[in-house]
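Report on the structure given below.
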Amino acid sequence: MPRSKMNVFELILLIVGIGAAVLGFQLINQVYNAESGQISWLMVIAIFNWLTLLILFILLSLMVDVSKKELNEIKTMIYLLSEKKKR
C-alpha cells in the first residue's frame with residue numbers, strides 16, 4: 001500500500017498535539033510542586049481536562065487518516081467503474 005505524504009494540516013496537528021502534551025504536563029507538574037505534593041480538586045480537574053484534550057487530538061488525527069483512506073477508496077472505485085463502463 002503506497003504511503004501518502006504528510007500534508008500541512010497533519011504537520012500542524014502533530015506540532016500542536018506534542019506542544020499541548022508537553023506544556024500541559026509541565027504546567028500541571030509545576031502546580032503540583034507548588035502545592036507541596038497535595039492533590040486538590042482543581043488539580044484533578046486540570047488533569048482530566050488535559051487528558052481530554054490529548055484524546056481529542058488523537059481522535060482528530062485518526063479521523064483525518066480515515067477520511068484520507070476513504071477518499072482513496074472512492075477514487076479507486078470511480079476509476080474501476082469508469083474502466084468497466086468503457087468495455
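Quick note: the coordinates plus some simple rules give every number you see, no bench work behind them. These numbers come from a predicted model, not from an experiment. Don't worry about glycine lacking a Cβ; one is built from the backbone with ideal geometry, like all the others, and counts go over all protein chains shown.
When 43, 77 are arranged by Cβ crowding within 10 Å, least crowded first, meaning fewest neighbours, the order is 77, 43. Of all lysines in the structure, those lying under 22 Å Cα to Cα from residue 5, and not within fewer than 8 positions of it along the same chain, are 68, 69, 75. Summing Cβ point charges (Lys, Arg +1; Asp, Glu -1) relative to the Cα centre of the chain gives a dipole of roughly 860 debye. Relative to the longest principal axis of the C-alpha atoms of the chain, give the angle of the C-alpha long axis of helix 8-34, reported between 0 and 90° and rounded to the nearest 10°. Once rounded, one gets 10 degrees. In the chain, the longest principal axis of the Cα atoms and the axis of helix 41-86 are about 0 degrees apart. Would you please classify the overall shape of the chain from the alpha carbon gyration tensor, given that a ≥ b ≥ c denote the square roots of the eigenvalues, rounded means a/c under 1.5, and beyond that prolate means a/b larger than b/c while oblate covers the rest? Verdict is prolate for the chain.
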